[in-house]
C-alpha cells in the first residue's frame with residue numbers, strides 16, 4: 001500500500017548542537033572595547049569534530065563603556081579557559097548568541113528594548129529568556145538588591161550574582177553550576193514531556209485496540225496488533241467487533257495509509273464511527289459510504305485514504321456478508337479442508353479515493369465450524385529473505401495452513417503468524433500489522 005512521504009523538517013543549528021568556530025582575526029580598534037571572542041579555541045578551529053572538548057563560552061551582556069569588572073582568567077572544570085564575549089545591548093547579544101555559547105551573564109540594570117526602566121525591572125531578563133530558551137542564564141545585580149536577584153531566579157534564571165563581589169573563582173564556579181543546572185532542568189522537562197506523550201499515546205492506543213462487544217455470542221475472539229518501525233507506539237491499523245441484539249456479529253479491520261499519531265488518530269475516528277453506525281443498524285454499502293464521508297471530512301490531505309474489510313455473521317453462524325474496500329480478503333479455515341481466502345472478485349475501492357463509489361456485499365457460506373482471520377497488508381507485504389520477494393497472500397495462506405496443522409489456534413496462532421512473518425522479513429516490519437481471528441466451534 002502506498003505510504004505518503006513525510007515532509008522533512010529543517011533542524012536549527014541550535015538543536016543540532018553544532019558549534020561554530022569563532023574567527024581568530026585580530027580585533028580592530030572599534031572591536032576592542034566590546035571584547036568579542038576574547039579567547040578562541042584553536043583545537044576546535046582545526047578539528048571541527050572536537051567540539052565536545054571545547055571550553056565553555058560565556059556571553060556577557062552589560063553596557064559599561066569602561067569595560068567589564070569580570071576577571072578575564074576564567075577556567076572551566078577541566079582547567080581550560082572560559083571564552084568570554086561581550087555585548088553592550090540586546091541587539092549585539094542576539095548577533096553573538098551562536099551555538100557554542102553555553103551561558104549568558106546578564107546585567108539586570110540593562111534597559112529592555114522598547115521599555116522604560118521603571119516599567120518592569122526584569123523586562124530585560126524576560127527578553128533574554130525568550131531569545132535564548134535553551135541557554136543557562138546568570139543574573140547580575142547590585143549587592144543591596146538580593147530580592148531582585150531572587151525574583152530573577154523565580155522568573156527563569158539559573159542563579160544570580162552581586163556585581164561588586166565578583167572574582168574569577170566565584171564566577172567560574174557559578175557558570176559551571178548554571179550550565180549543569182540548565183542541563184538538568186532540560187532533561188527533567190523532556191522526561192516529563194515524554195511521560196505525558198506516553199500517557200497520550202496509551203489513551204490513543206486504547207481507542208485503537210478496543211474491547212470487543214461480543215457478550216452473549218458463542219464465537220471466540222482473538223487479536224494481535226503490532227505497529228511498524230522499531231519502538232513505535234502507534235500505527236494506522238484499526239479493528240472492532242460488535243454483536244447486535246438479534247445475534248448478528250459484525251467485525252471489521254482497516255488500515256489508514258501512513259504511520260504515527262496522525263494516522264492512528266484517523267483510525268480511531270473511523271473505528272468509533274463504524275461502531276456507532278453499526279449499532280445504529282447500518283451495514284454494507286450504506287455503512288461504507290457514510291464512513292467515506294467521515295474520512296473526507298476528517299483527513300488533512302486529499303491523498304489520505306483507508307482500506308477496510310467488514311463481515312456480518314448471521315445469528316446461526318453459518319453465513320456471512322462480506323464487503324471489501326481495497327482491502328485483502330479474509331482467510332477461512334474449516335476442519336478437514338485447507339485454509340483459503342474468501343472470494344474477492346467484487347472488491348471495491350479504498351475509502352477516500354473515488355467520490356460516490358459503491359461497495360457490493362457478497363454472501364459467503366461459512367459452514368458449521370470455522371476460523372475466520374481478518375488482517376491488514378502488513379502481514380503479507382514483509383520480505384522473504386534478503387531478496388525483493390514478498391510473502392504475499394499465497395505465502396500467508398501456506399504459512400497458516402502449516403501452523404493450523406501443527407495444532408495452533410486462537411492467540412497462539414496469531415502470535416506464531418506475526419512472529420514468523422517478522423523472522424522471514426529479517427527483522428522489524430516496516431508496516432503496521434493487525435490480525436483478528438473469530439472461531440466458531442459448535
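Taken residue by residue, the range 397-411 has at least one member that is in contact with a helix residue (DSSP H, G or I) (Cβ under 9 Å, 6 or more places away or on another chain), in a helix (DSSP H, G or I), under 17 Å from residue 330 (Cβ atoms) and without any contact (Cβ under 8 Å) to a residue 24 or more places away in the chain. Select from the range 171-197 the residues that are surrounded by 11 or more Cβ atoms within 10 Å (Cβ to Cβ) and farther than 21 Å from residue 153 by Cβ and list them in ascending order. Listed by number, the list holds a single entry, 197. The residue list 386, 381 contains one member that is assigned to a loop (DSSP other than H, G, I, E, B), within 19 Å of residue 436 (Cα to Cα) and in contact (Cβ under 8 Å) with a residue 24 or more places away in the chain, which is 381.
Read the figures in this text as sums done on the coordinates, not as results from a lab. Small disclaimer: the values here were computed from a predicted structure and weren't measured. Cβ atoms come from the backbone with ideal geometry, glycine included; neighbour counts cover every protein chain shown.
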